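Structure below; questions to follow.
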Amino acid sequence: MRVLVADAFPESSLTEMAELGHDCIHKPDTTTEQLSGELAGCDVLVVRSTKVPASVLAEADALRLVIRAGSGTNTIDCEAASERGIHVCNVPGRNSVAVAELAFGLLLALDRNIADNVIDLRAGHWDKKRYARARGIHGRRVGVIGLGQIGLEFAERAAAFGARVHAVANTQRDQQTRDRAHAIGVHFVDSLETLARTCDVLSLHVPATESTRHLLNRDLLAHVQPGTIILNTSRGELVDEDALIEAMEAKDVRAGIDVCADEPDTSTGSIDSPLAKHPNVYGTHHIGASTEQAQHAVAAEVVRMIDAFDAGNVVHCVNLDTVLPTQQTQPGSQPETQPETQPTGFATPLRSGGGS
């Protein structure tokens, strides 16, 4: 098969795909606007950050499979893909450790004011009196919103530091998730509002869907305690940024973010985000899944998925129930897995009351 990899990808995995007989084209700097011109004759498209809108899919003459080399697929127009018989697949779970590590790193950095320490030291300012003040992580009440793979990894790290981990009870969680949560020592509450009132750290680990858009909104923020730390390493769409800025001003809420609502599509560029510029925010550049460990794990799974698709099996498909049979895989093929559209243990919808 002819495969276009339109984002960064390990060279070793590209070599492996070629050895398996696939024609690989690696153009990591391809923008959304350039995709249409690069997809001619391609059976498979692999992307990470590059958006794949309906207009691109409409011009793809041979495309049968789009793989998001990560867990979320909100950057791909899945409905348009389904209408054109194109399978959309993700790679769930392979980057969970990396994202959880960054989320916890942001928590530690906020608690100890690490970034501001560095800035002042580099500028030649010594202020031990200011920076000696910190609450610490041990004994804090940490609320995890979304107990999927990433949420569980984050919860394990918080518990290891002596935090008391809380989450919203959900009867639809599978037994494996329940067992792991029990082993971590997660305390369950009845609603997001209770979680916000109970905890002084809230970490978001849910997918971006219509039901989770602005999950963190004015209604939910009204319940948070002064000085609460908000962490978002999932998707910018989860947060009503204006409401969060208001809470930072009124309650001295602080935030660690790896994602913004209007971040650039490209790996370099400029950004004008009032949230990212706020002094109560420590932000990173959407790098949660960008460790070498995570990228090699994701790439290995992508190679397996492409080879499986060539053999007639669709792996981790998120639009399996809606894709039209216009360009289906080989006759008689069967999906290897059921659709995976959200982290285990998060039942849609889960919202705070009255949100937009």
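Any read-out appearing in this document is the output of simple, stated calculations on the displayed coordinates, not a laboratory observation. Owing to the predicted nature of the structure, the values given are computational and were not obtained by experimental measurement. Glycine gets a Cβ as well: all are built from the backbone with ideal geometry, and neighbour counts include every protein chain shown.
List the pairs whose first member sits in the range 256-274 and is within 21 Å of ALA115 (Cβ to Cβ), whose second member is of a type in the set (Lys, Arg) and part of a loop (DSSP other than H, G, I, E, B), and whose Cβ atoms are under 6 Å apart, counting only residues at least 6 apart or on separate chains?
Partner pairs satisfying both residue conditions: VAL259/ARG235.
What are the residues in the range 3-15 that are surrounded by fewer than 18 Cβ atoms within 10 Å (Cβ to Cβ) and either under 15 Å from CYS42 (Cβ atoms) or in contact with a helix residue (DSSP H, G or I) (Cβ under 7 Å, 6 or more places away or on another chain) (or both), if any?
Residue satisfying the conditions is PRO10 alone.
So which residues in the range 76-128 are among the polar types (S, T, N, Q) and under 30 Å from VAL303 (Cα atoms)?
SER82, ASN90, ASN95, SER96
For ARG48, all conditions in the list (1) surrounded by fewer than 15 Cβ atoms within 10 Å (Cβ to Cβ); (2) in contact (Cβ under 8 Å) with a residue 24 or more places away in the chain hold save one; what is the number of the exception?
(1)
Okay, residues lined up against (1) in contact (Cβ under 8 Å) with a residue 12 or more places away in the chain; (2) in a strand (DSSP E or B); (3) under 28 Å from CYS260 (Cα atoms):
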site	(1), (2), (3)
PHE9	yes, no, yes
LEU14	yes, no, no
ILE25	yes, yes, no
GLY70	yes, no, yes
ALA81	yes, no, yes
GLY85	yes, no, no
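With the requirement that a residue be farther than 19 Å from THR15 by Cα and of a type in the set (A, V, I, L, M), what does the range 26-58 give you?
Matches in the range 26-58: LEU35, LEU39, ALA40, VAL52, ALA54, VAL56, LEU57, ALA58.
Please go through the range 275-306 and give me each residue that is outside any helix (DSSP H, G or I), surrounded by 15 or more Cβ atoms within 10 Å (Cβ to Cβ) and either among the charged types (D, E, K, R) or free of Cβ contacts under 8 Å to residues at least 60 places away in the same chain (or both), ordered by number.
Those that are outside any helix (DSSP H, G or I), surrounded by 15 or more Cβ atoms within 10 Å (Cβ to Cβ) and either among the charged types (D, E, K, R) or free of Cβ contacts under 8 Å to residues at least 60 places away in the same chain (or both): HIS278, ASN280, VAL281, GLY283, HIS285.
All but one of (1) in a loop (DSSP other than H, G, I, E, B); (2) in contact with a strand residue (DSSP E or B) (Cβ under 8 Å, 6 or more places away or on another chain); (3) not small (Gly, Ala, Ser) hold for HIS166; which doesn't?
For HIS166, the exception is condition (1).
Only one of (1) surrounded by fewer than 22 Cβ atoms within 10 Å (Cβ to Cβ); (2) touching a strand residue (DSSP E or B) at 6+ places or on another chain (Cβ under 8 Å); (3) farther than 22 Å from ASN113 by Cα is not met by MET248, so which one is it?
In the conditions (1) surrounded by fewer than 22 Cβ atoms within 10 Å (Cβ to Cβ); (2) touching a strand residue (DSSP E or B) at 6+ places or on another chain (Cβ under 8 Å); (3) farther than 22 Å from ASN113 by Cα, MET248 misses (3) alone.
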